[in-house]
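Here the structure comes first, spelled out in structure tokens, and everything after it is commentary.
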Amino acid sequence: MQLTKISQNTAILLEHARKSGLTSSELLEAVRSGENERFQIAQNGHFHYGELFAYAGEHGEDLEKAVIEGYKITFNTRNGLKIWLEETFHLSSESDFRVGEGIIEGLKLKEEQLARLKEALAVNWTLQEEPTTDGVLVRLTVRGLQ
């Protein structure tokens, strides 16, 4: 199955909406409606949904398909990937993993989280995994820096 490609910002906005309390069905309804107001619960100082639908339309992002089937991020920056990890897995970069120049390490995930990361991670990053007794230790590196 070919996953729909979306921008890092769109992915972060979708995951922040989930983290803010929108259920999967509410998120799907919000996306289908095309109404930014449906994201009111997630709107705050850092996350703005005003341009979500316009951007998705201009760049051919199928938000409905992304919500239903999953997505592949087109390009990850270090900071963007850090935020995506925090929003998607409810982690903190201050206590749950370390962010360095072109690297994210010390990230401990469960198998289903690892699968989700592998599915969404942009091709400009590589992933190394080390099984542990209670999950997988993950190291992410910008491609070309490993």
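The values are calculated or read from the model by the stated rules, or taken from the named source; none is laboratory data. Note that the structure is predicted; figures quoted are calculated from it, not measured. Here the Cβ is made from the backbone with ideal geometry for all residues, glycine too, and neighbour counts use every protein chain on show. Please note that ligands, DNA and RNA were not included when accessible areas were found on the heavy atoms of the full protein model with its side chains. Shrake-Rupley method; radii C 1.70, N 1.55, O 1.52, S 1.80 Å.
Counting only residues that are open to solvent by 70 Å² or more (accessible area, probe 1.4 Å) and not in a helix (DSSP H, G or I), which one in region 49-61 is modelled with the lowest pLDDT?
The qualifying residue modelled with the lowest pLDDT is 51.
Here is a check on your reading of the model: is residue 104 free of Cβ contacts under 8 Å to residues at least 40 places away in the same chain, open to solvent by 80 Å² or more (accessible area, probe 1.4 Å) and either within 23 Å of residue 128 (Cα to Cα) or assigned to a helix (DSSP H, G or I) (or both)?
no
Could you go through region 85-95 and let me know if any residue there is in a helix (DSSP H, G or I) and open to solvent by less than 10 Å² (accessible area, probe 1.4 Å).
Initial filter on region 85-95 (in a helix (DSSP H, G or I)): 85-89.
Then keep just the ones that are open to solvent by less than 10 Å² (accessible area, probe 1.4 Å); that gives 85.
Within region 85-95, one or more residues are in a helix (DSSP H, G or I) and open to solvent by less than 10 Å² (accessible area, probe 1.4 Å).
Look at region 1-45 and say how many of its residues are more than 18 Å from residue 76 (Cα to Cα) and not acidic (Asp, Glu).
27
Conditions tested, residue by residue: (1) in contact with a Leu (Cβ under 9 Å, 6 or more places away or on another chain); (2) part of a helix (DSSP H, G or I); (3) in contact (Cβ under 8 Å) with a residue 12 or more places away in the chain.
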position	(1), (2), (3)
1	no, no, yes
11	no, yes, yes
16	no, yes, yes
27	yes, yes, yes
32	yes, yes, yes
37	no, yes, no
47	yes, no, yes
68	yes, yes, yes
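Within region 112-146, how many residues are surrounded by fewer than 11 Cβ atoms within 10 Å (Cβ to Cβ) and among the charged types (D, E, K, R)?
Qualifying residue count, region 112-146: 3.
Which of the residues that make up region 54-66 are in contact with a strand residue (DSSP E or B) (Cβ under 9 Å, 6 or more places away or on another chain) and either among the hydroxyl-bearing types (Ser, Thr, Tyr) or touching a residue at least 40 places away in the same chain (Cβ under 8 Å) (or both)?
56, 59, 61, 62, 63, 65, 66
Is one or more of the residues making up region 14-23 under 23 Å from residue 121 (Cβ atoms) and modelled with pLDDT under 95?
No: zero hits.
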